[in-house]
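Structure first, commentary second.
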Amino acid sequence: MVCPGTKKFVLLELKQLGFKNYSFELGSINFKQNLSLEEIEKLDYSLHKYGLEVIFRRTRLVSCICQEILFLVKNEITLKTSFSSYISNKVGYNYMYLNQCFTKETGFPIAEYYIEKRSEKLSLKKRIRSVVHDYRIN
């Protein structure tokens, strides 16, 4: 979205779709609130029919999700909200959208990754306990 005409068109589409609270810079729209999956799909459809493509930074999102999950697991944090709410709030996007991106990028859902990382940590703890136990016996 380099030319001023394209920028005007995109701003008009955002207004017609009812989006508010966003900043618009060269080639980038930053929303100040989480978008629902339906809103994202509407925006994508609206721009796509005019040859424009909405590109979400899936790789960055997946990286942020992984970092949050590893932080949770490493620090053994007990959540006060649901896992999906926690991830959504930390990363700043609707959980369904995040899960869709994560699955497209990695081949499995966020919850499965979380369970896998927790299992790895529990398995490591068991191995450590076993080694410590064996050491004390000998």
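Every number here is computed from the coordinates shown, using simple stated rules; none is lab data. Predicted, not measured: the structure shown is a model, and the values here were computed from it. All Cβ positions, even for glycine, are placed from backbone atoms using ideal geometry, and neighbour counts span all protein chains on display.
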Query raised in the report: To the nearest 0.05, how large is the calculated FRET efficiency for Asn21 and Leu124 if R₀ is 41 Å and r is the Cβ-Cβ distance?
Result: 0.40
Requested in this report: Specify the longest stretch of the chain that does not include any exposed loop site, a site being one of the GluC sites (Glu not before Pro) with a non-H, G, I, E, B DSSP assignment and at most 16 other Cβ atoms within 10 Å.
Outcome: 77-138
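State which entries of Lys7/Lys49; Lys8/Lys104; Lys15/Lys104; Lys80/Lys117; Lys7/Lys90 exceed 25 angstrom in Cα-Cα distance in the structure shown. Could you put the intermediate results ahead of the total?
Values: Lys7/Lys49 16 Å; Lys8/Lys104 32 Å; Lys15/Lys104 30 Å; Lys80/Lys117 20 Å; Lys7/Lys90 30 Å.
Those over the limit are Lys8/Lys104; Lys15/Lys104; Lys7/Lys90.
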Query raised in the report: Taking the Cβ-Cβ separation of Glu76 and His48 as r and a Förster radius of 41 Å, what is the calculated FRET efficiency to the nearest 0.05?
Result: 0.40
Requested in this report: Enumerate the aspartates and glutamates that Lys126 could reach by cross-link, defined here as Cα to Cα under 16 Å, with residues fewer than 8 away along the same chain left out.
Outcome: Glu76, Glu116, Asp134
